[in-house]
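See below for the structure under consideration.
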Amino acid sequence: MILGASSFAGSFSEIASELQSVELYMPKLGVYKDSILQKDILESLLDELSTFDLKTSLHAPYFADVPTYPKDVVVDTANMGDREFRLIRDSIGLASRLGSKAIVLHPGRFDNDREASFNRMVSHLKVLASEAEDNGVMLGLENKEGTSSGNLCCNVDELVRAVEAVNSDNLGATFDIGHANLTCGGDSTKLREFARTLAPYVVHVHVHDNGGVWTNEYDGDQHLAPGAGTIDYSVLKELKGYKGIYNMEVFSMEDVRSGKAKIKEALGNK
């Protein structure tokens, strides 16, 4: 079992003291200015990272329409131009350099023609998967939460359809258990079926908790510590044969420590 946390949970030293992996959250590492990668800042960060024995994954830029997300790194995979491809290529190149285990991509947004949006996303993902193959890295398309409007690939069937349509050994799925819980309305039986259906495609896992229902705050996507919401984490056992990273997307080291205990308990690895 490889346990990790996103880079916004704490410093590299704090994460290394508790876990085996860190997910470099590219939109909020402070390495972009006006959508251009600041190589001097990145190199300083990588110098610091190199002093710790941590595996890595990367979270590539994505679409978000909230004040806390930097506007210069917004990427909608259903509507990509030169800037958006360059931003994802930055993540692919960095993952190749670091030997990262996975690059997380968000699915695209749909407009009035959902099928056309889906097809554009698949076309763009095929280009990115080819580049991932050239760089020897793996992409993981993440399921989004069904409580948020406008996102493709919230339900498991559409996510599987997208992965199969891209048809690349270098693109699989990132199973986000918190998002899936919201899509399933907090129903543990539905969540278990979601995980079971997605299991053959999973290359990376995001772990966090919520109440399973829409709220005014982040559409219910609270990113609580595992065990602080309604999720029954034994559902992770449905990912038969999974050997990758269980990355905690939480906001503090206190949440990391309690979450780590919960995940180990759920998987029978105390």
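Quick look at the values:
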quantity	calculated
Residue tally, condition out of contact with any Lys or Arg (no Cβ under 6 Å at 6 or more places or on another chain), farther than 30 Å from Gly150 by Cα and surrounded by 12 or more Cβ atoms within 10 Å (Cβ to Cβ), over region 21-43	3
Answer residue from region 235-270, given it is over 24 Å from Glu193 (Cα atoms), assigned to a loop (DSSP other than H, G, I, E, B) and not polar (S, T, N, Q) and is modelled with the lowest pLDDT among those	Lys270
Restricting region 1-17 to residues that are at pLDDT 95 or above and touching a Leu at 6+ places or on another chain (Cβ under 8 Å), the residue that is farthest from Gly244 (Cα to Cα)	Phe12
Subset tally (residues that are of a type in the set (Ser, Thr, Tyr) and not in a loop (DSSP other than H, G, I, E, B)) for region 129-182	2
Within region 57-67, tally of residues that are touching a Lys or Arg at 6+ places or on another chain (Cβ under 7 Å) and within 20 Å of Gly244 (Cβ to Cβ)	1
Unique residue being in contact (Cβ under 8 Å) with a residue 60 or more places away in the chain and under 22 Å from Met26 (Cα atoms) when the list is Glu131, Glu142	Glu142
Options Glu14, Glu18, Glu23, Glu84; residue that is among the acidic types (Asp, Glu) and within 14 Å of the chain's Cα centre (by Cα)	Glu23
Restricting region 183-222 to residues that are assigned to a helix (DSSP H, G or I) and among the hydrophobic types (A, V, I, L, M, F, W, C), the residue that is surrounded by the fewest Cβ atoms within 10 Å (Cβ to Cβ)	Ala199
Residue in region 171-179 that is free of Cβ contacts under 8 Å to residues at least 12 places away in the same chain and more than 19 Å from Ala228 (Cβ to Cβ) present	no
Selection within region 47-68 - surrounded by 15 or more Cβ atoms within 10 Å (Cβ to Cβ), under 19 Å from Val104 (Cα atoms) and of a type outside the set (Gly, Ala, Ser)	Leu54, Lys55, Thr56, Leu58, His59, Pro61, Tyr62, Phe63
Residue match in region 92-114 (condition: more than 15 Å from Val137 (Cβ to Cβ), of a type in the set (Val, Ile, Thr) and surrounded by 17 or more Cβ atoms within 10 Å (Cβ to Cβ))	no
Of all residues in region 1-11 being of a type outside the set (A, V, I, L, M, F, W, C) and not in a helix (DSSP H, G or I), the one that is nearest to the chain's Cα centre (by Cα)	Ser6
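The values are calculated or read from the model by the stated rules, or taken from the named source; none is laboratory data. For clarity, every value in this text was computed on a predicted model and none was experimentally measured. Virtual Cβ from ideal backbone geometry, glycine too; neighbours counted across all protein chains shown.
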